[in-house]
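Here the structure comes first, spelled out in structure tokens, and everything after it is commentary.
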Amino acid sequence: MGLYDSQRDPDEQRRAFTSGEVPVSVVGLGKMGLPLAAVYAETAGEVIGVDVDQGVVDGINEGRSHIKGEPGLSDLVAEQVEAGRLRATTSAAEAAEAAAVHVVIVPTPLTDDHEPDLGALTAAVEGIGEGLSKGDLVVVECTVPPGTCEGRVRPLLSSVSGLDEDEFGVAFCPERTSSGRALKDIRGAYPKVVGGADEESGRAAELIYGELTSNDIVPMADATSAEAVKLFEGVYRDVNIALANELAKLDRDLGIDVNEAIDAANTQPFCDIHTPGPGVGGHCIPFYPYFIMKYTETDTPLLRTAREVNDSMPAHTVHLLADGLEAMGRDVDGSTVAVLGITYRAGVEETRKTPAAGVIDGLNARGAKVLAADPLIDDIESFGATPVDAADIPDEDVDAVVLVTAHEEFADIDWGRLEDALLVDGRGVLEEWCGEGDYRILTIGGGERVSGQ
Ligand SMILES: NC(=O)C1=CN([C@@H]2O[C@H](COP(=O)(O)OP(=O)(O)OC[C@H]3O[C@@H](n4cnc5c(N)ncnc54)[C@H](O)[C@@H]3O)[C@@H](O)[C@H]2O)C=CC1
Ligand SMILES: CC(=O)N[C@@H]1[C@@H](OP(=O)(O)OP(=O)(O)OC[C@H]2O[C@@H](n3ccc(=O)[nH]c3=O)[C@H](O)[C@@H]2O)O[C@H](C(=O)O)[C@@H](O)[C@@H]1O
């Protein structure tokens with residue numbers, strides 16, 4: 001039964017949706033898509049997941065989750081597959097034919113020249129169009145440039161399906177989820193923003209998410225407004241991290257520990273300066289500013305500058321390390337440096353735009369021998385470093401260690417055996433991890449202060 005139908009009784013629609021009479025397809029079964037599909041299955045009763053990766057599909061059909069570090073997800077996937085409420089296929093057409101609600105959450109990355117790459121979205125939407133029926137609703141959850149749903153998705157669905165644009169619904173309902181807490185977020189950690197390409201699309205989407213989330217719905221005037229909300233959240237974060245990073249670079253000019261000053265500044269509610277670090281990675285925050293910059297005529301110098309500041313942090317981190325070694329009478333050229341962390345964020349198996357890449361490149365360029373450890377990544381060589389188990393680093397006679405990503409496993413390193421090494425702490429955790437001892441710890445923003453002594 002299609003929900004895009006203002007003549008139907010909403011209560012009857014809700015009953016149908018939550019009793020398996022409105023099959024849902026979820027296209028894209030990755031870090032966000034699989035948790036989303038599992039919660040849809042838990043709520044709606046019949047979900048067909050679609051992914052281009054046969055291994056992903058096979059694993060799910062065997063009741064297994066391929067996503068690491070998501071509390072509760074493995075059990076929920078196993079439970080929903082066992083109950084026959086969730087299955088997966090590589091056939092977009094099969095899923096589109098069966099479903100009345102089609103959810104898209106495929107990657108929307110950037111090309112090398114910072115153009116939004118909507119290739120996966122276009123392929124997914126074409127697949128849905130092949131099986132779209134009158135009364136169906138298409139929900140886009142992956143982040144897209146403003147105007148995509150109304151200007152690209154809806155016309156494409158119409159041309160592929162042969163339906164008029166007012167015979168089916170399109171809504172943008174952004175995924176406001178963080179890896180590591182996906183189920184909690186999807187089920188209602190935050191209000192759910194919903195924007196319909198037309199009024200009936202918005203109504204139908206609100207009805208669905210009213211069942212999925214325990215939190216409020218935030219209805220927007222249209223899909224483009226909802227697309228903008230998601231991007232505004234992301235660029236707010238990128239700009240504020242850039243502010244923290246720019247202030248961190250003033251530590252020696254000011255002769256202070258900038259992190260201490262940021263913490264103090266944030267003790268009043270009008271200030272929320274984020275945390276300085278070795279860079280901003282992932283396929284979200286560093287990408288979203290370009291979804292605005294490339295799609296608006298008006299110049300956006302703040303967004304552009306924030307990207308430049310954040311992208312300068314890997315080099316700044318290497319500069320700190322080289323200076324620190326020099327102060328110890330050592331030269332980074334010919335030194336052995338261990339890089340801790342390849343992924344962009346702790347606990348998340350994602351390396352797109354990771355700051356670690358820039359740190360490793362910078363160290364190699366300065367003639368260092370670079371080792372690297374990451375509990376989630378196997379192919380460390382491709383980043384230009386020699387893989388090493390974190391536990392073995394004290395045996396490697398390293399001159400320096402630089403922490404880029406604070407995977408909790410690194411806390412178990414025998415830090416007591418690294419008192420002769422320079423420790424560059426990109427994430428402000430080493431004083432706690434090292435405890436008492438005679439360490440040389442430099443932090444980003446910490447100035448000349450060499451803590452741990
Ligand atoms: N990862 C995050 O923290 C968040 C991501 N998002 C949005 O969600 C999107 C997806 O993110 P993730 O799930 O992290 O990506 P991911 O890379 O973990 O998973 C994407 C999945 O989509 C599949 N796929 C690619 N092209 C496809 C196609 N044409 N048809 C079907 N499946 C296809 C891939 O095989 C993969 O399994 C992002 O691009 C972003 O816009 C939104 C909020 C949070
Ligand atoms: C506004 C917001 O908080 N967005 C979240 C963000 O999650 P994401 O997984 O990208 O992680 P993140 O915490 O933003 O970190 C991104 C990058 O920025 C770095 N980072 C983060 C915060 C900070 O104060 N300093 C800093 O250097 C992180 O180390 C990482 O390399 O982006 C997600 C997304 O939109 O994909 C979104 O759903 C999440 O809620």
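Might you work out the accessible area of L247 for me, using a 1.4 Å probe with all protein chains in place, and round it to the nearest 10 Å²?
Answer for L247: close to 50 Å² accessible.
With unit charges on the beta carbons (Lys and Arg positive, Asp and Glu negative) and the dipole taken about the Cα centre of region 10-221, which residue among P107, G72, F17 sits farthest to the positive side?
Of the options given, the answer is G72.
Ignoring ligands, DNA and RNA, what percent of the accessible area of region 202-256 is carbon or sulfur (1.4 Å)?
On the way: 1370 of 2460 Å².
The nonpolar share, carbon plus sulfur, comes to 56 percent.
At a probe size of 1.4 Å, how large is the accessible area of L320, to the nearest 10 Å²?
Probe radius 1.4 Å; accessible area of L320 about 10 Å².
With a bin width of 10 angstrom, please list the P(r) values of the chain as percents of all Cα-Cα pairs, from the 0 bin to the one holding the largest distance.
Cα pair-distance distribution for the chain, in percent: 4, 20, 27, 22, 16, 9, 3, 0.
Report the residues of region 1-29 in range of a label on A83: point 7 Å along Cα→C-beta, backbone N strictly under 13 Å from it.
Correct set: 18-20.
Label-point separation (nm) for E297 and R15, each offset 7 Å from Cα along Cα-to-Cβ?
Output for this residue pair reads 5.3 nm.
So between E436 and D58, what do we pick up on full extension, going 0.36 nm a residue minus the alpha carbon distance? Can you show the working numbers first?
Values: separation 378, 0.36 × 378 = 136.08 nm, distance 4.94 nm.
Between E436 and D58, full extension yields 131.1 nm more.
Roll a 1.4 Å probe over the protein heavy atoms and report the accessible area of T275 in Å², nearest 10.
Its heavy atoms expose roughly 100 Å² to the probe.
Over the chain, average the accessible area per residue using a 1.4 Å probe and give it in Å², no decimals. Could the numbers behind the result be given before it?
Numbers: 18530 Å² over 453 residues.
Using a 1.4 Å probe on heavy atoms only, each residue of the chain averages 41 Å².
Based on the Cβ-Cβ distance of D75 and S214, what FRET efficiency does E = 1/(1 + (r/R0)^6) give at R0 = 25 Å, to the nearest 0.05?
On the way: r = 19 Å, r/R0 = 0.77.
In this case the efficiency is close to 0.85.
May I ask which residue of G341, A406, T317 lies farthest towards the positive end of the charge dipole of region 311-450, with charges of +1 (Lys, Arg) and -1 (Asp, Glu) on Cβ and the Cα centre as origin?
Going by the Cα projections, it comes out as T317.
Hey, if we sort E349, E448, E227 by accessible area with the 1.4 Å probe, largest down, what's the order? Mind dumping the intermediate values first?
Numbers: E349 80, E448 135, E227 0 Å².
If we order E349, E448, E227 from most to least accessible, we get E448, E349, E227.
Just name one of C149, T213, P116: the one whose Cα is farthest towards the positive end of the charge dipole of region 10-221 (beta-carbon charges, Lys/Arg +1, Asp/Glu -1).
T213
Work out the P(r) tail for region 184-320: percent of alpha carbon pairs separated by more than 19 Å, whole number. Provide the component values of the computation, followed by the final result.
Values: 5803 of 9316 pairs.
Value for region 184-320: 62 percent of Cα pairs lie more than 19 Å apart.
Starting from the alpha-carbon convex hull of region 380-453, give the projected area averaged over all orientations, in nm².
Values: hull surface 19.8 nm².
For region 380-453, averaging the hull's shadow over all directions gives 5.0 nm².
How large is the helix-only mean residue ellipticity at 222 nm for the chain, computed as the sum of -39500 (n - 2.57) over DSSP H runs with n ≥ 4, divided by its residue count, in deg cm²/dmol to the nearest 500? Can you show the working numbers first?
On the way: 16 runs with 165 residues, N = 453.
After summing the helix terms and dividing by the residues of the chain, the value is -11000 deg cm²/dmol.
Taking the Cα centre of region 305-353 as origin and charging only Cβ (+1 Lys, Arg; -1 Asp, Glu), how large is the dipole, in debye to the nearest 20?
Details: 5 positive and 8 negative charges, 48 e Å.
Dipole size: approximately 240 debye.
Could you give the radius of gyration (one decimal) and Dmax (whole number) of the Cα atoms in region 311-450, in Å?
For region 311-450, the Cα radius of gyration and maximum Cα-Cα distance read 13.3, 37 Å.
For q = 0.16, 0.20 Å⁻¹, what log10 I(q)/I(0) does region 80-181 give under the Debye formula with an equal point scatterer on each alpha carbon and no solvent?
The Debye formula, applied to the Cα set alone, gives -0.73, -1.06.
Give the carbon-plus-sulfur fraction of the accessible surface of region 311-450 in %, rounded to a whole number; probe 1.4 Å, heavy atoms of protein chains only. Walk me through the numbers on the way to the answer.
Values: 2370 of 5740 Å².
Accessible surface attributable to carbon and sulfur in region 311-450 totals 41 percent.
Would you mind checking which residues have amide H under 5 Å from V138's amide H? H placed 1.01 Å from N; only 5 or more apart, or other chain.
H102, G169, V170, A171
Size of the dipole of the chain about the Cα centre, Lys and Arg at +1 and Asp and Glu at -1 on the beta carbon, nothing else charged, in debye to 20?
Values: 34 positive and 82 negative charges, 135 e Å.
My answer is approximately 640 debye.
How do W415, W433 stack up against each other in accessible area, from largest to smallest, with a 1.4 angstrom probe? Don't jump to the answer; show the numbers that get you there.
Details: W415 10, W433 50 Å².
Descending accessible area places them as W433, W415.
Where the only charges are on Cβ atoms (+1 Lys, Arg; -1 Asp, Glu), what is the dipole of region 10-221 about its Cα centre, to the nearest 20 debye?
It comes to approximately 680 debye.
Within the chain, how many lysine pairs that are 8 or more places apart, or on different chains, have C-alpha atoms less than 22 Å apart?
14
Considering all projection directions equally, how large on average is the shadow of the alpha-carbon convex hull of region 281-341, in square nanometres? Display every interim value, and only then the final one.
Working: hull surface 23.0 nm².
One quarter of the hull surface, i.e. the mean projection, equals 5.8 nm².
The values are calculated or read from the model by the stated rules, or taken from the named source; none is laboratory data. Fair warning: this is a prediction, and the values are worked out from it, not measured in the lab. Don't worry about glycine lacking a Cβ; one is built from the backbone with ideal geometry, like all the others, and counts go over all protein chains shown. Surface accessibility is based on the protein's heavy atoms, side chains included, excluding ligands, DNA and RNA. Shrake-Rupley method; radii C 1.70, N 1.55, O 1.52, S 1.80 Å.
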